[in-house]
Amino acid sequence: MNRDRTRTGGRAGTLRVVAIVLGIAVAISGAEFYALRQSRHVDAPQPVAQQKAPIEGPIGAVDTPAEDAVMGPRVHVSGWALDPAGIARVEIRLEDRRFDANIGVARPDVAQVKTGFPQSEHAGFDFVGDFTPYPAGPGVDRRILSVVAIAQDGRETVLGRKSVIEPKAFARWREVAQGSAPPFYLLPALSGIKLGGAHELESHYADYVSRTTQVGMRVPILYLRTTKGATGDYVFDPDWDIERRCGDRRIAEDSLSATLDYATKNRLPVLLTLNGGIWADASCDVPVWDINDKLEQDVANCQWNEKNQVMPDDARKDLPGSQHAPELGRSLTFNIYARDVRHYKKRNLQQAGRLVVAFMREHPDLFVGVTLDPDTYLNPFFGETQWYDYNPGTLKQFRHWLAGTGPYASSAEPDGPDLSSYRRRKPLTLAEVSKLAKREFRSWNDVDPPRAFSRDSAHPFWLDPWVREWEMFRRHLVKLHYDELSQWLTEVGIPRDRIWSAQGFMAPAGKAMPFALAIDSPVKNYDSGGMSVEGSKPKYGHLGGIIYGAAAVNDVPMENNRSLFATLSAVDPGFAIVEYNTADLRAPEVPPSYAAAYRSLRDLWNAGARFVSPMAWNGSNGTLVGKPGYVTFTAWRNTPLEDAAGDFLLARADLPLGSRLWTFGTPRHADDDGWSAEAGSIALAPGTLRLTTDAGGRIAIVSPRGLALAPERIGHIVAGFPAEATIRSINVYARRAADTPWQLLTAARGSAMTATAAGRRVTPQSAGTSPADQLKIEIDFGEPARDVPLARIAVLAAR
């Protein structure tokens with residue numbers, strides 16, 4: 001699988017760099033199929049015999065707890081430790097406190113395989129502790145417990161680190177919030193269920209989940225590749241044998257039955273990527289099983305370039321990445337006249353869909369939903385050296401689309417779709433088309449789209465009105481394909497509220513224009529492959545985004561001047577992030593930071609994302625960062641992103657999806673979350689804003705802009721002050737735009753400021769009639785105050 005496209009060659013003096021923007025975006029959704037193998041078992045528990053003794057210090061392992069986290073304040077830790085010089089002690093370290101474990105516990109299993117060490121027969125240690133006398137500080141939901149083995153000569157080794165979770169995290173929101181339906185899901189992507197690919201996921205985050213925040217998995221199901229083969233007319237095979245191989249590689253690593261069985265047995269919520277797109281093609285030709293390979297043998301089923309050529313399937317095997325390239329040279333066409341493509345795609349997708357529906361009905365609490373073909377584009381892998389799709393069937397559909405005829409006028413061919421609902425508002429005449437193209441077309445059959453894309457500054461292709469018609473049609477093709485995929489699934493019973501697309505939204509590079517928001521957005525100065533945000537939302541489902549790097553941290557220039565996440569939410573309030581990592585594909589050697597992860601997850605929650613699927617549970621392991629083979633954009637375990645996600649889940653335990661929350665960082669990160677002081681002053685500290693009033697004892701803080709808070713979403717406002725803070729009043733204001741006056745929502749005094757575990761709660765008497773772009777909160781302490789901690793601001797809908 002290829003993720004790093006930045007090494008594709010360029011032409012001096014041009015904007016060629018923008019030509020690969022989409023190529024990078026398209027190349028990011030196959031890692032679950034190709035890149036995860038290399039580190040699959042790095043976190044699996046190893047038998048004592050497999051442990052390798054480092055020279056630096058003692059060796060050993062933590063056996064209990066096996067999970068990443070344990071609910072405090074009482075903990076039990078056990079394991080074993082050895083050193084040639086002998087073990088002096090094993091310490092349990094919690095923040096700046098140290099506790100001695102009992103050592104010398106009999107471990108005959110260790111003695112059998114670790115001969116030659118003193119104390120090997122009694123290598124065990126055990127610790128039972130109650131940390132109630134050592135409470136966590138304000139706002140701290142988890143603390144890191146380190147297990148350290150110390151040799152007789154003072155050398156030491158950290159045998160393991162665990163999170164001790166504070167029970168108060170799960171009581172914070174119970175007084176002020178009800179559970180939401182559905183909950184927010186964290187769904188690490190994985191593959192190879194039968195190979196142990198999901199090992200430990202069912203228990204690893206068990207102490208992080210709540211009524212409103214759940215953890216599950218996302219697994220790819222390749223409905224055109226995992227079939228009963230040519231002899232069975234390529235019927236979808238839910239019991240696919242993963243030992244079938246293409247050379248020395250498995251053709252596919254997962255079956256639908258094994259995935260659903262694992263989800264059921266381990267009570268894991270599951271999101272299924274039903275993939276029949278570009279990434280569903282096997283890594284080598286296996287037409288005896290893979291219907292993609294069979295269909296691609298006929299060029300009539302493929303996308304064509306502007307020279308009426310169809311490339312070999314391995315034409316882009318040179319593309320660098322974490323694994324050898326899959327077969328990206330050929331893509332199946334999206335036009336409605338490719339009957340074989342549509343027949344097999346619809347049939348197999350619906351065959352898989354019916355089995356998914358049965359699972360959903362039997363286990364409604366485990367079924368998150370499905371995502372559609374990742375990266376639905378007109379092939380951009382050739383970086384503007386070739387443009388697609390000039391398939392004759394696509395050109396026929398283009399002509400009908402221009403004229404509003406044929407399927408766009410309810411005159412569909414047998415077995416073809418009725419596209420009258422997609423008919424242009426103003427169909428064009430042949431004369432108008434000729435004028436746009438600056439060519440004389442004698443008949444509609446002569447009409448031909450642009451095949452040359454000038455970068456001459458006097459006549460750039462993105463200002464050519466004929467290119468604009470062609471680009472709008474290509475965007476329409478992508479939109480139509482997602483619409484049909486979602487329609488085919490609803491026909492077999494999958495609710496549209498459980499269906500998401502899977503489109504890549506990559507931050508533009510260099511002088512690239514922002515990617516298209518709408519189907520009729522201006523043409524961009526690169527090959528967009530037909531992508532638009534609007535066209536990525538299926539008619540019978542929700543918008544799903546694939547984001548990495550700058551896009552994942554919400555730092556993408558948009559043509560509407562809003563943020564990416566706010567745009568996705570505006571297009572579809574039910575949007576989700578179906579593939580995700582904060583690593584930058586253009587700088588894959590740089591590990592992403594905790595700060596970036598915190599901000600990304602904060603903004604996704606506040607934009608209303610239904611779930612996020614990080615790459616990847618069995619991708620590269622953060623303990624190996626910087627080592628050969630480490631891939632930052634498939635790394636999740638033991639990374640700052642996973643660390644931030646733990647804090648994210650605990651801060652929102654039992655907080656309903658749709659609420660807004662700003663926690664001003666975490667105990668390991670300080671962040672103003674975009675808030676500023678209008679009166680008084682603020683200072684940053686890890687996990688709090690420190691407030692200092694003006695001379696009158698008053699401070700006013702202003703939220704970031706772009707909230708788009710509908711009036712019905714402003715039911716309660718919570719300010720996370722400590723219980724001992726003396727507050728005279730809290731006033732809350734909103735305004736719908738920067739140039740409009742503030743409107744008072746509430747002026748709360750006395751009993752109107754309810755003290756809760758989360759902070760002081762106030763309830764607006766009126767939330768106005770327009771969405772709030774920004775909030776202002778005034779706090780009157782009655783007298784000057786300095787350095788008052790504010791742990792959070794939350795906006796919740798009324799019960």
Failed criterion for Glu432 (all others in (1) open to solvent by 50 Å² or more (accessible area, probe 1.4 Å); (2) under 21 Å from Tyr337 (Cα atoms) hold):
(2)
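Looking at the structure I just gave you, is Ala725 free of Cβ contacts under 8 Å to residues at least 12 places away in the same chain, surrounded by fewer than 21 Cβ atoms within 10 Å (Cβ to Cβ), over 26 Å from Ala609 (Cα atoms) and of a type in the set (A, V, I, L, M, F, W, C)? I'd like the intermediate steps shown before the answer.
Values: free of Cβ contacts under 8 Å to residues at least 12 places away in the same chain: no; surrounded by fewer than 21 Cβ atoms within 10 Å (Cβ to Cβ): yes; over 26 Å from Ala609 (Cα atoms): yes; of a type in the set (A, V, I, L, M, F, W, C): yes.
So Ala725 does not fit the description; no.
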Assess whether Pro628 counts as being at negative phi, at pLDDT below 95 and over 15 Å from the mean Cα position of the chain (by Cα).
yes
Give the number of residues within the range 781-799 that are crowded, with 18+ Cβ neighbours inside 10 Å and charged (D, E, K, R).
1
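Quick grid of which residues meet (1) in a helix (DSSP H, G or I); (2) modelled with pLDDT of 95 or more; (3) open to solvent by 10 Å² or more (accessible area, probe 1.4 Å); (4) at positive phi:
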| position | (1), (2), (3), (4) |
| --- | --- |
| Asp497 | yes, yes, yes, no |
| Gly510 | no, no, yes, yes |
| Ala516 | no, yes, no, no |
| Pro522 | no, yes, yes, no |
| Gly535 | yes, yes, no, no |
| Tyr540 | no, yes, yes, no |
Take the residues in the range 120-135 that are under 20 Å from Gly72 (Cβ atoms) and of a type in the set (D, E, K, R), then tell me which one is least open to solvent (accessible area, probe 1.4 Å).
Asp126
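Asp109 - would you say it is touching a helix residue (DSSP H, G or I) at 6+ places or on another chain (Cβ under 8 Å) and closer than 30 Å to Val788 by Cα? Show your work before the answer.
Working: touching a helix residue (DSSP H, G or I) at 6+ places or on another chain (Cβ under 8 Å): yes; closer than 30 Å to Val788 by Cα: no.
Answer is no for this residue.
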Cβ pairs under 9 Å, 6+ apart, first in the range 736-749 and β-branched (Val, Ile, Thr) and surrounded by 15 or more Cβ atoms within 10 Å (Cβ to Cβ), second assigned to a loop (DSSP other than H, G, I, E, B) and at pLDDT below 95
Thr746/Thr763; Thr746/Pro764; Thr746/Gln765; Thr746/Ser766
From (1) open to solvent by 60 Å² or more (accessible area, probe 1.4 Å); (2) among the aromatic types (Phe, Trp, Tyr); (3) more than 30 Å from Leu650 (Cα to Cα), pick out the condition that doesn't hold for Phe117.
(1)
Being farther than 17 Å from Ile59 by Cβ, open to solvent by 10 Å² or more (accessible area, probe 1.4 Å) and not polar (S, T, N, Q) is the filter here; which residues of the range 76-103 pass it?
His76, Arg93, Glu95, Asp96, Arg97, Arg98, Phe99, Asp100
Please determine whether any residue of the range 668-682 is at pLDDT below 95, open to solvent by 30 Å² or more (accessible area, probe 1.4 Å) and farther than 23 Å from Ala747 by Cα.
yes
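Please determine whether any residue of the range 699-712 is over 18 Å from Ser766 (Cα atoms), touching a Leu at 6+ places or on another chain (Cβ under 6 Å) and hydrophobic (A, V, I, L, M, F, W, C).
Within the range 699-712, the first condition is being over 18 Å from Ser766 (Cα atoms), and the residues that meet it are 699-706.
Applying the additional criterion that residues be touching a Leu at 6+ places or on another chain (Cβ under 6 Å) yields 699, 703.
This time we only want the ones that are hydrophobic (A, V, I, L, M, F, W, C), so: 699.
Yes; the residues of the range 699-712 include at least one that is over 18 Å from Ser766 (Cα atoms), touching a Leu at 6+ places or on another chain (Cβ under 6 Å) and hydrophobic (A, V, I, L, M, F, W, C).
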Return a yes/no flag: does the range 344-365 have any residue that is at pLDDT 95 or above, of a type in the set (A, V, I, L, M, F, W, C), open to solvent by 10 Å² or more (accessible area, probe 1.4 Å) and part of a strand (DSSP E or B).
no
Taking the range 757-772 and the residues there that are in a strand (DSSP E or B) and open to solvent by 20 Å² or more (accessible area, probe 1.4 Å), the one that is nearest to His716 (Cα to Cα) would be Arg761
Within the range 227-241, does at least one residue satisfy the condition of being part of a loop (DSSP other than H, G, I, E, B), open to solvent by less than 20 Å² (accessible area, probe 1.4 Å), in contact with an Asp or Glu (Cβ under 6 Å, 6 or more places away or on another chain) and modelled with pLDDT of 95 or more?
no
Condition first: without any contact (Cβ under 8 Å) to a residue 60 or more places away in the chain and closer than 22 Å to Tyr208 by Cβ. Now tell me which residues in the range 54-92 satisfy that.
Asp63, Thr64, Arg74, His76, Ile92
Condition check for Leu775: open to solvent by less than 20 Å² (accessible area, probe 1.4 Å), within 28 Å of Phe565 (Cβ to Cβ) and either assigned to a loop (DSSP other than H, G, I, E, B) or not hydrophobic (A, V, I, L, M, F, W, C) (or both)
no
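Do you know which residues across the range 204-226 are assigned to a loop (DSSP other than H, G, I, E, B), among the β-branched types (Val, Ile, Thr) and surrounded by 19 or more Cβ atoms within 10 Å (Cβ to Cβ)? Give the derivation first.
Here is the first cut: in the range 204-226, the ones assigned to a loop (DSSP other than H, G, I, E, B) are 205, 209-212, 216, 222-226.
The next check asks that each one be among the β-branched types (Val, Ile, Thr); those that pass are 209, 212, 226.
Correct list: Thr212, Thr226.
Working only within the range 375-424, note down all residues that are of a type in the set (Val, Ile, Thr), out of contact with any His (no Cβ under 8 Å at 6 or more places or on another chain) and open to solvent by less than 10 Å² (accessible area, probe 1.4 Å). Give the derivation first.
Applying the first criterion (of a type in the set (Val, Ile, Thr)) to the range 375-424 yields 376, 385, 394, 405.
Okay, now just the ones that are also out of contact with any His (no Cβ under 8 Å at 6 or more places or on another chain), so 385, 394, 405.
Residue satisfying the conditions is Thr394 alone.
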Within the range 144-176, take every residue that is surrounded by fewer than 19 Cβ atoms within 10 Å (Cβ to Cβ) and basic (Lys, Arg) and give me the one that is nearest to Ala798 (Cα to Cα).
Arg174
Look at the range 653-666 and say how many of its residues are of a type outside the set (Phe, Trp, Tyr) and either open to solvent by less than 10 Å² (accessible area, probe 1.4 Å) or not in a loop (DSSP other than H, G, I, E, B) (or both).
8
Would you list the helices (runs of 4 or more DSSP H) that sit entirely within the range 544-642 and hold 2 or more residues that are out of contact with any helix residue (DSSP H, G or I) (no Cβ under 8 Å at 6 or more places or on another chain) and crowded, with 23+ Cβ neighbours inside 10 Å?
none
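The values are calculated or read from the model by the stated rules, or taken from the named source; none is laboratory data. Not measured: the values here are computed from a predicted model. Neighbour counts run over all protein chains shown; Cβ positions are idealised from the backbone, glycine included. Side chains are part of the model used for accessible areas, which takes the heavy atoms of the whole protein and leaves out ligands, DNA and RNA. Shrake-Rupley method; radii C 1.70, N 1.55, O 1.52, S 1.80 Å.
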